[in-house]
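Computed from the coordinates by the stated procedures, all read-outs in this text should not be read as laboratory data. Because the structure is predicted, anything quoted here is derived from the model rather than measured. When we count neighbours, we look across all protein chains shown, and the Cβ atoms used for this are built from the backbone with ideal geometry, even at glycine.
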Amino acid sequence: MERISKENYYLDIAQTVLERATCLRRVYGAIIVKNDEIISTGYNGAPRGRANCTTLGYCSREAMQVPRGERYELCRSVHAEANAIISASRRDMVGGTIYLVGRDARTGALLGDATSCMMCRRMVINAGLARVVIRRTPTEFDVVDVEEWVREDDFRAPQADLP
């Protein structure tokens, strides 16, 4: 038997974590690893003590016909990356890697386009994480250098528009 890569080993664990998610659209699992040790895990779901979408039987964003990728403030869930970051100390995360896996909640299909939303990207940056590894297929993944997200700075005015 061939040994799997460390990336796929940790992605497999993140994929197991997503089985706790309570979103009706997309389920995500995340784990934070540093020095080959799991620091924390997270999945998307309602804040502790609040009803989640699977219990309610509906998605509030779907009920309001909000397109995918928009108006996250209307979502009941805390994202997987945010939950993993909340559960860890920054001191333990700095320089670490967050592994992310997403599935379609209805079909169970892997999300080949999974990525972190803008709010989660900001949290990843501030947590001091160095890399994000995102599963694309059962064996393929992308590695994002968090410095790329820092350099992107979506809200920076184009240079031509500056006085």
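Projecting the Cα atoms of Ser87, Leu111, Tyr99 onto the charge dipole of segment 82-143, computed from C-beta unit charges around the Cα centre, puts Ser87 farthest toward the positive end. The Rg/Rh ratio for segment 5-46 is 1.02, where Rg is the radius of gyration of the alpha carbons and Rh is the Kirkwood radius. At the listed q of 0.26 Å⁻¹, the Debye profile of segment 91-146, built from one uniform point per Cα, gives log10 I(q)/I(0) equal to -1.01. Taken about its Cα centre, the chain carries a charge dipole of roughly 660 debye when the Cβ of each Lys and Arg holds +1 and the Cβ of each Asp and Glu holds -1. On a per residue basis, the convex hull of the C-alpha atoms belonging to the chain measures out at 145 Å³. Mind jotting down the distance between the C-alpha centroids of segment 75-98 and segment 106-128, whole Å? Value for the Cα centre distance between the two parts: 11 Å. Protection proxy ranking for 141-150, 125-134, using the average of other Cβ atoms within 10 Å per residue and placing the highest first: 125-134, 141-150.
GNM remark for the chain: springs join alpha carbons under 10 Å apart, and the peak mean-square fluctuation among Gly108, Gly69, Gly45 falls on Gly69.
In whole Å and largest first, what semi-axes does the C-alpha gyration tensor of segment 1-80 yield when each eigenvalue is scaled by 5 and square-rooted? Don't jump to the answer; show the numbers that get you there.
On the way: eigenvalues 171, 33, 25 Å².
With the √(5λ) rule applied to segment 1-80, the semi-axes are 29, 13, 11 Å.
Projected onto their three principal axes, the Cα atoms of segment 71-121 cover extents of 38, 24, 17 Å, largest first.
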